[in-house]
């Protein structure tokens, strides 16, 4: 029976469906709006900026998928467990709370409301409209997530296909009738080092962090198709690669839209405003409705993946509480937080993301390189230990002024930015992480070789 599932003809069809599932689960509103704003800021340096954005917005998430697949982890806890069970539990909770009910999941509904519903409501009904919309949004997510077996079909076959179709219409219309040329002066940050600026902008998608948590959901979906062991690894890796390639193509298209738009628009405050103006240019009054449906589809598939993976991982960590109970909790808390508004959610999420992103990339690095080596635990522990302090300092640097202006914090950040390479760019974790990784790798190799030699001599 399993052989029938993995026949070449059927596996290719399933490859496309699983690729669509992966893409739909992490391509949300941020993936739409950040590249457009990047294009506006980068001007004639749009290509190099888009290249940097693709590295952090696409390559890092692909590596996150591969880390879960290569280590055969059944969730984020398993992936981080070599560092220590307590660390893995704390890391899982922090990641899921951040991309889940405290920030990420509510942001999907808040974004959809502000772009799809709020423009059509009188100002006095804004609060009530938000309450009703988010209730319906998370109610639908809960209903679909209670039937995990249907997740692949709902996201991979239907919702995501419609979303991509609408996005394709926008690209066709825009590229056949561009708003202008690409010869515009970049903003200051993109005049001399557009690639690095684009890479840093790609952090805003938070996909590398999110996919560490979401991977468990689509790995289980692939298992549900009958794939096991090497076949599961191969299909998931291929599907992840295909979805990332599609994402890169879309990123370059969105960056181009933003760059073209500067012939007729001023630099927008954010990508959402820019995208609204671009769509309105091509579709007039219908443009707002079009964009609202497009964004709602994009964020709803992401929200569905987030609530499902949250419930799955927390049920595994705390098995006495059922999957459905965790699902009810995350959808309810997300509903409550979403009603705080998009601006509030984004403002409070940034410091936490600056902590989690370095820790996630460090975990991806060791998982892809040393997971199967006998001294892997040593490398895991040292690499993460060398990453924690700069990650905490990056978090403090992104905190509100009341924190950064406190004398001890200000002094620590001044020293950090003056001494550690790339710290002033928000990349101060890179050198310490690599030092910890290389040092523990060399130490672990020689320690293991020494112990092996002693064991042979004893025999």
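Here are the numbers for the structure shown:
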{"item": "Residues (in a loop (DSSP other than H, G, I, E, B) and either under 27 Å from residue 46 (Cα atoms) or without any contact (Cβ under 8 Å) to a residue 60 or more places away in the chain (or both)) located in the range 205-242", "result": "206"}
{"item": "Criterion violated by residue 433 - all others in (1) surrounded by 13 or more Cβ atoms within 10 Å (Cβ to Cβ); (2) at pLDDT below 95; (3) in a helix (DSSP H, G or I) satisfied", "result": "(2)"}
{"item": "Options 321, 307, 255, 295; residue that is surrounded by fewer than 24 Cβ atoms within 10 Å (Cβ to Cβ) and either part of a helix (DSSP H, G or I) or out of contact with any strand residue (DSSP E or B) (no Cβ under 9 Å at 6 or more places or on another chain) (or both)", "result": "321"}
{"item": "Hey, residue 80 crowded, with 20+ Cβ neighbours inside 10 Å and either part of a loop (DSSP other than H, G, I, E, B) or in the same structural domain as residue 325 (by TED's automatic domain parsing) (or both) or not", "result": "yes"}
{"item": "Scope the range 269-282; condition touching a residue at least 60 places away in the same chain (Cβ under 8 Å) and in a helix (DSSP H, G or I); matching residues", "result": "271, 272, 274, 275, 276, 278, 279, 281, 282"}
{"item": "Residues of the range 401-427 classified as modelled with pLDDT of 85 or more and part of a helix (DSSP H, G or I), total", "result": "14"}
{"item": "Yes/no for residue 38 being modelled with pLDDT of 80 or more, assigned by TED's automatic domain parsing to the domain that holds residue 264 and either out of contact with any helix residue (DSSP H, G or I) (no Cβ under 9 Å at 6 or more places or on another chain) or surrounded by fewer than 17 Cβ atoms within 10 Å (Cβ to Cβ) (or both)", "result": "no"}
{"item": "Single residue of the range 83-101 satisfying the filter (crowded, with 20+ Cβ neighbours inside 10 Å and under 17 Å from the mean Cα position of the chain (by Cα)) that is farthest from residue 382 (Cα to Cα)", "result": "101"}
{"item": "Pairs with Cβ under 8 Å, 6+ apart, first in the range 14-33 and on the phi > 0 side of the Ramachandran plot and surrounded by fewer than 24 Cβ atoms within 10 Å (Cβ to Cβ), second at pLDDT 75 or above and part of a loop (DSSP other than H, G, I, E, B)", "result": "none"}
{"item": "Number of positions in the range 238-260 that are closer than 15 Å to residue 58 by Cβ and at pLDDT below 90", "result": "9"}
{"item": "Every residue from the range 388-426 that is under 30 Å from residue 446 (Cα atoms) and surrounded by fewer than 20 Cβ atoms within 10 Å (Cβ to Cβ)", "result": "388, 389, 420, 421"}
{"item": "Residue within the range 192-204 that is in contact with a helix residue (DSSP H, G or I) (Cβ under 9 Å, 6 or more places away or on another chain), in contact (Cβ under 8 Å) with a residue 24 or more places away in the chain, at negative phi and in a loop (DSSP other than H, G, I, E, B) present", "result": "no"}
{"item": "Condition met for residue 173 (modelled with pLDDT under 75 and either crowded, with 21+ Cβ neighbours inside 10 Å or under 30 Å from residue 42 (Cα atoms) (or both))", "result": "no"}
{"item": "Among (1) touching a helix residue (DSSP H, G or I) at 6+ places or on another chain (Cβ under 7 Å); (2) crowded, with 17+ Cβ neighbours inside 10 Å; (3) closer than 22 Å to residue 98 by Cα - the single one residue 385 does not satisfy", "result": "(2)"}
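The values are calculated or read from the model by the stated rules, or taken from the named source; none is laboratory data. Remember, predicted model here, so these are calculated numbers, not experimental data. All Cβ positions, even for glycine, are placed from backbone atoms using ideal geometry, and neighbour counts span all protein chains on display.
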